[in-house]
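Enquirer: Below you'll find the structure I mean.
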Protein chains: 2
Amino acid sequence: MLLAAACSAPADKTGAGGAAGDSATVTTDPLPSWNDGANKKAIVDFVTDVTKPGSANFIEPADRIATFDNDGTLWSEQPVYFQFFYALDQIKAMAPKHPEWKKKQPFKSVLDNNMGELMKQGEKGLLQIMATTHTGMTSEEFASTIRQWSDTARHPTKQKLYKELVFQPMIELVKYLQANQFKTFIVSGGGIDFMRAWAESVYGIPKDQIVGSSIKAKYDYNNGNPVIRKIPELDFIDDKEGKPVGIEKYIGRKPVIACGNSDGDLQMLQWSASNKLRNLQLYVHHTDSVREWAYDRKSHIGTFDKGLDEALAKKWLIADMQNDWKVVYPFEK
Amino acid sequence: MLLAAACSAPADKTGAGGAAGDSATVTTDPLPSWNDGANKKAIVDFVTDVTKPGSANFIEPADRIATFDNDGTLWSEQPVYFQFFYALDQIKAMAPKHPEWKKKQPFKSVLDNNMGELMKQGEKGLLQIMATTHTGMTSEEFASTIRQWSDTARHPTKQKLYKELVFQPMIELVKYLQANQFKTFIVSGGGIDFMRAWAESVYGIPKDQIVGSSIKAKYDYNNGNPVIRKIPELDFIDDKEGKPVGIEKYIGRKPVIACGNSDGDLQMLQWSASNKLRNLQLYVHHTDSVREWAYDRKSHIGTFDKGLDEALAKKWLIADMQNDWKVVYPFEK
């Protein structure tokens, strides 16, 4: 009844009376992969409250901005960010044209699958790998290489395509918000061009609503066949303090909903919590070592420590992956 | 008949048969302020062609990206960019708190209304005026000051509010495209925050679809009342070669429609002309010295020289303000 009433999609209220036949109440559950409980109820209550005309907390559609972190919030991020796996895969794909890499670090350790040796190359080595795989090409070449990778590359331990390792309950949340005239954005520390190449079709979030870290680019008229070339110079880091800045830069409005999973998202959640309109903050807590991974305060990837303290203190929603989510990935359904 | 058929808004095709009563053909004209002629026909033919299911040139809604320059394309820009008038007005508004400005350049010349003297201060003086009026405050303070200005400030010779000096035919074009599922963006050399403060309500283009030049900003937690502060450091110049770069950065897709009025828009039009999908380029030519201004190749503001040559050579649309537009500004209606 609660859920049927909460589903504000037009011409779809037949379940509200409870007597409209074929299990209307079930089909109108906007978040079927979330277990019933305080978090699901809080989300649905919030959306119902701020979208109901006449509500004291009504939010105009133009102000219905919802921002989602990507790594760890919309898809998995262990044992390392998937964009880094992309970089390693690309080094291997590019190696035949660079025979010298067999003897040259940091490339040698990638080709040898020697992660210990790679880590010894330090930040300089990692930056070299990122620059080699993320710059020097046109924007179209870069996007097409990523699309090909995302259509074929598999996670080393899960053995699934990376794009299958997305969180079904969060995709439902994105779609539920969209159905209620929220404009949904990704605001991630990941590369903006990396995400745009595959995320639009996977999450249903348009490219221009994807915000991320970026390197600089240059327009080249190229004798009448214009291209944009990616150059090895940092443009913007969309993480921590950079997230509210990125939101202001790309969206120009303070969100009323912000979802993250790590300390890198804390400033984004603080920023949305300072909205004068009613607002909601949600942290995804990785508590499921069986279906996904379990990590928080001491993890080197997706550290969730200060954010966890602040979420507890401010009573932000903390989605407990193990208990709140019926399924984690779409393929479990 | 052409126009009635072209209007693809659903449930609004009653005029097509020509016998549906109360002047349906007139009400379905999507561009009523454009005179009938080659340009209007070309626009309507293009939109009809690319939005008709089954058309060889059909464009998926996700790819229907249209970009508009602002200064000189959506509103006037003479005798100087209106954002510069804002800066001068702000210097005057701030002057009571800066008594020393009465004797200090470049401020003195602004307070004396001495434009000749102000120009003598050169680029350094102009930059000082822009920095003083555009940095050092929070993003919210900046937006609220601009809104107040745009609600009250009048153009020195036209005696109208600046936001009344917008081009009715171009607003109709924006709305016509939106009604046909185009996503419309502003891509302007003007300041992104300056535009976002007033342009959303005037043009019906959401803040996050407004791209412009920017200065850097910083997040400040501010003891739990977070703010974003604008700092005096250039971030991005969205002009000339910067326009395709800005499009790639903010939109992530090549436009199928690009509209401008000056050489500063040429690279944006070239970029959209290189789209593999059917595409359209439109230049607004300022030919109306009576209703607006007449200027092109030799103007210091909105120089239209190389762009005019290329538009003529490539048969891009050139809207002749004097002949193509029934009215220029909304208040003429």
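Values quoted throughout were computed directly from the atomic coordinates according to the rules given, and no laboratory measurement underlies them. This one's a predicted model, so the numbers in the text were calculated from it and none came from an experiment. All Cβ positions, glycine included, derive from the backbone under ideal geometry; neighbour counts span all protein chains shown.
Enquirer: Say we look at the range A:225-243 and pick out the residues that are within 9 Å of another protein chain (Cβ to nearest Cβ) and not in a helix (DSSP H, G or I); which of these is nearest to B:TYR221 (Cα to Cα)?
Expert: Filtering the range A:225-243 for residues that are within 9 Å of another protein chain (Cβ to nearest Cβ) and not in a helix (DSSP H, G or I), the one nearest to B:TYR221 (Cα to Cα) comes out as A:GLU241.
Enquirer: Return the total of residues in the range A:142-195 being outside any helix (DSSP H, G or I), within 30 Å of A:VAL50 (Cα to Cα) and β-branched (Val, Ile, Thr).
Expert: Number of matching residues: 4.
Enquirer: Then there is this: Scan (1) in contact with a Phe, Trp or Tyr (Cβ under 9 Å, 6 or more places away or on another chain); (2) farther than 25 Å from A:ASP45 by Cβ for the single condition A:LYS298 breaks and write down its number.
Expert: In the conditions (1) in contact with a Phe, Trp or Tyr (Cβ under 9 Å, 6 or more places away or on another chain); (2) farther than 25 Å from A:ASP45 by Cβ, A:LYS298 misses (1) alone.
Enquirer: Working carefully through the options A:LEU165, A:LEU173, find the one that is over 16 Å from A:ILE210 (Cβ atoms) and touching a His at 6+ places or on another chain (Cβ under 9 Å).
Expert: Only one candidate passes the filter, namely A:LEU165.
Enquirer: Working only within the range A:177-190, note down all residues that are hydrophobic (A, V, I, L, M, F, W, C) and more than 10 Å from every other protein chain (Cβ to nearest Cβ).
Expert: A:LEU177, A:ALA179, A:PHE182, A:ILE186, A:VAL187
Enquirer: Within the range A:51-65, can you find the residues that are assigned to a loop (DSSP other than H, G, I, E, B) and either out of contact with any strand residue (DSSP E or B) (no Cβ under 7 Å at 6 or more places or on another chain) or surrounded by fewer than 21 Cβ atoms within 10 Å (Cβ to Cβ) (or both)?
Expert: Within the range A:51-65, A:LYS52, A:PRO53, A:GLY54, A:SER55, A:ALA56, A:ASN57, A:PHE58, A:ILE59, A:GLU60 meet the criteria.
Enquirer: Can you say whether A:LYS124 is over 23 Å from the mean Cα position of the chain (by Cα) and either away from every other protein chain (no Cβ under 14 Å) or aliphatic (A, V, I, L, M) (or both), as far as the supplied structure shows?
Expert: yes
Enquirer: Here is a further query. Kindly establish whether A:ALA313 is surrounded by fewer than 17 Cβ atoms within 10 Å (Cβ to Cβ) and over 26 Å from A:GLN159 (Cα atoms).
Expert: Criteria met by A:ALA313.
Enquirer: Is it fair to say A:VAL245 is in contact with a helix residue (DSSP H, G or I) (Cβ under 7 Å, 6 or more places away or on another chain) and closer than 29 Å to A:THR132 by Cα?
Expert: No, not satisfied.
Enquirer: Among the residues of the range B:191-202, is there at least one that is within 13 Å of chain A (Cβ to nearest Cβ), more than 23 Å from A:PRO206 (Cβ to Cβ) and not small (Gly, Ala, Ser)?
Expert: Among the residues of the range B:191-202, at least one is within 13 Å of chain A (Cβ to nearest Cβ), more than 23 Å from A:PRO206 (Cβ to Cβ) and not small (Gly, Ala, Ser), which makes the answer yes.
Enquirer: Among the residues of the range A:195-235, how many are within 23 Å of A:THR133 (Cβ to Cβ) and either within 12 Å of the chain's Cα centre (by Cα) or among the aliphatic types (A, V, I, L, M) (or both)?
Expert: Within the range A:195-235, residues that are within 23 Å of A:THR133 (Cβ to Cβ) and either within 12 Å of the chain's Cα centre (by Cα) or among the aliphatic types (A, V, I, L, M) (or both) number 16.
Enquirer: If I filter the range A:66-78 for residues that are hydrophobic (A, V, I, L, M, F, W, C), within 30 Å of A:PRO330 (Cβ to Cβ) and assigned to a helix (DSSP H, G or I), do I get at least one hit?
Expert: no
Enquirer: Kindly indicate the residue of the range A:203-224 that is farther than 17 Å from A:PHE236 by Cβ and within 10 Å of chain B (Cβ to nearest Cβ) and also surrounded by the most Cβ atoms within 10 Å (Cβ to Cβ) among those meeting that condition.
Expert: Looking at residues that are farther than 17 Å from A:PHE236 by Cβ and within 10 Å of chain B (Cβ to nearest Cβ), I get A:TYR219.
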